[in-house]
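The values are calculated or read from the model by the stated rules, or taken from the named source; none is laboratory data. The structure presented is a predicted model; accordingly, all values stated were derived computationally and were not measured. We place every Cβ from the backbone using ideal geometry, glycine too, and count neighbours over all the protein chains shown. Only protein heavy atoms, including side chains, enter the accessible area calculation; ligands, DNA and RNA are left aside. Shrake-Rupley method; radii C 1.70, N 1.55, O 1.52, S 1.80 Å.
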Amino acid sequence: MKGKKKSTWTKRRHARIFAFLRPIMRFYFRLRYNYRANPSGLKKGAYLIISNHQTTMDPFMLSLSFKFPVYFIASDDIFNLKISPLIKYLVAPIPKSKSLRDVAAMMGVFRVIKEGGAVGIFPEGNRTVSGKQWEMTDAIAKLAKSLKVPLVIYNIKGGYGTDPRWGHSIRKGRSEGCVRRIISPEELKDKTTEELFNIIKDELSVDDTLSGIEYRSRKRAEFIERALYLCPICNGVSGIVSDRYRFKCRHCNTVSTYTEKLLISPLVNGYTRIYEWFEWERAEIVKKVADGFEVGDDGIIFRESVKFSKKKKLAGNRVLINKENLIISDKKQKSVYPIKDITALTMVGKKKFNFYYDGKILQVKGNKRFCAIKYVHIFDGLRQINGGDAKEDLK
């Protein structure tokens with residue numbers, strides 16, 4: 001009797017589906033984002049392809065530079081959608097929990113490489129909120145050295161200008177994707193982990209504010225409060241409100257314009273770029289909370305996220321964080337999650353954050369102007385102060 005055929009991750013149908021969708025996607029992204037993908041010139045084979053992370057559509061944009069399927073690591077939320085089984089069938093993404101070490105995900109990566117496939121990873125693990133590179137660890141350098149296949153470093157440019165994570169509408173501008181560098185297995189072997197990690201960080205760094213390209217929209221500042229939550233003038237928290245191309249602090253009435261060149265005008269306390277303001281508030285909010293200040297929001301939805309299953313709604317319509325606890329409450333009850341017992345907390349999408357507690361993935365979803373990143377900043381900062389573990393793996 002013949003033995004059972006061993007299952008594989010890479011399927012012939014993935015190549016056929018990709019070949020069919022490629023011209024459609026190319027036309028769509030050209031029309032929608034004025035995006036051009038430069039051909040990589042690479043032949044089908046096993047590669048580790050890494051890229052900076054600017055937009056939701058980055059995996060599709062990157063794929064257009066290659067004539068073969070790329071198997072991407074994808075976060076939990078993708079596997080909670082109604083169409084998750086279809087996504088799995090069509091493109092077979094590798095599931096991974098954000099901000100957590102995930103052995104199963106790494107096994108998936110090695111499996112795809114062993115089968116001669118290309119793996120796509122965004123080492124930042126999260127799309128940029130400020131326009132500047134998100135933090136990453138040297139785990140990506142260690143992985144690249146251990147896989148012993150060519151490392152392809154890819155850049156997406158103009159994605160932040162066209163579709164900023166905090167925004168609500170697409171801007172008219174220009175974006176492109178291209179291979180920036182290819183490092184052979186021999187070169188990888190000769191470099192230390194530190195040397196390779198520094199190269200990766202440098203080669204993945206993209207700053208759209210330096211391009212000089214204009215990104216036009218009458219609503220270009222709307223929902224900027226998803227990124228900017230602390231006023232540099234009055235130090236007020238959660239007071240930024242936006243409308244069309246302007247935003248202001250409702251505490252001190254400081255008004256600014258977000259220009260077509262992605263700059264703040266007039267500059268506020270010396271800050272002319274969002275990421276400059278962003279880095280300041282990130283440090284400042286942690287100081288405030290460590291000194292006893294509490295940050296909270298009403299009108300949230302609280303859920304438990306389970307892979308390959310529909311999210312389960314839980315009790316609670318208010319979230320609050322202080323120096324010791326994350327608290328979810330409503331008029332009837334209160335659930336307290338000690339900061340020291342939360343494994344990780346990460347932003348998801350534009351107005352959600354997940355936190356990992358007691359083996360569960362719990363999610364807070366806010367209203368359309370909800371700022372999730374401030375909770376990430378507070379959590380990360382408090383954990384550093386208290387000597388907590390740094391974020392692991394590929395985020």
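For the peptides 352-363, 201-212, the ranking by packing is 352-363, 201-212, with the highest mean count of neighbouring Cβ atoms within 10 Å listed first.
With just the Cα atoms defining each centre, how far is segment 215-294 from segment 4-45? Give it in Å. When both Cα centres are located, 39 Å separates them. Here the peptides 374-386, 310-322, 332-344 are ranked by packing, the mean other Cβ count within 10 Å, and the order with the highest first is 374-386, 310-322, 332-344.
Please work out whether segment 144-269 counts as rounded, prolate or oblate from its C-alpha gyration tensor, where a ≥ b ≥ c are the square roots of the eigenvalues and a/c under 1.5 means rounded, while otherwise a/b larger than b/c means prolate and anything else oblate? In terms of gyration-tensor shape, prolate. On the protein heavy atoms, probe 1.4 angstrom, tell me the percent of accessible surface of the chain carried by carbon and sulfur. Exposed carbon and sulfur together represent 52 percent of the surface. Ordered from largest to smallest accessible area (heavy atoms of protein chains, 1.4 Å probe), the residues ASP163, ASP243 come out as ASP243, ASP163. In the chain, which whole DSSP H runs stretch at least 15 Å along their own axis (Cα) and average -1.0 or higher on the Kyte-Doolittle scale? Helices meeting the span and hydropathy rule in the chain are 12-33, 103-114, 193-204, 274-290, 373-385.
Computed 3J(HN,Hα) for segment 318-332, one whole-Hz value per residue from the Karplus formula 6.51 cos²θ - 1.76 cosθ + 1.60 where θ = phi - 60°, is 9, 10, 9, 10, 10, 5, 10, 9, 9, 10, 10, 8, 8, 5, 9, glycine and proline marked x. Any idea what % of Cα-Cα pairs in the chain are farther than 38 Å? In whole percent, the share of Cα-Cα pairs in the chain beyond 38 Å is 20.
Rounded to the nearest 20 debye, the dipole magnitude of the chain is 2340 debye, with +1 charges on Lys and Arg beta carbons, -1 on Asp and Glu beta carbons, and the Cα centre as origin. By the Cβ rule of 4.7 Å, the chain holds the following cysteines without a possible disulfide partner: CYS178, CYS371.
Among beta bridges identified by DSSP and lying wholly in the chain, the antiparallel ones come to about 75 percent. In the full protein context, the chain carries 48 Å² of accessible surface per residue, based on a 1.4 Å probe and ignoring ligands, DNA and RNA.
What pairs from LYS132/LYS219; LYS67/LYS261; LYS332/LYS365; LYS310/LYS351; LYS331/LYS368 go past 26 Å between their alpha carbons? Long pairs (Cα-Cα over 26 Å): LYS67/LYS261. Taking a ≥ b ≥ c as the square roots of the eigenvalues of the Cα gyration tensor of segment 114-178, is the shape rounded (a/c under 1.5), prolate (a/b larger than b/c) or oblate? Prolate, since a/c reaches 1.5 and a/b exceeds b/c.
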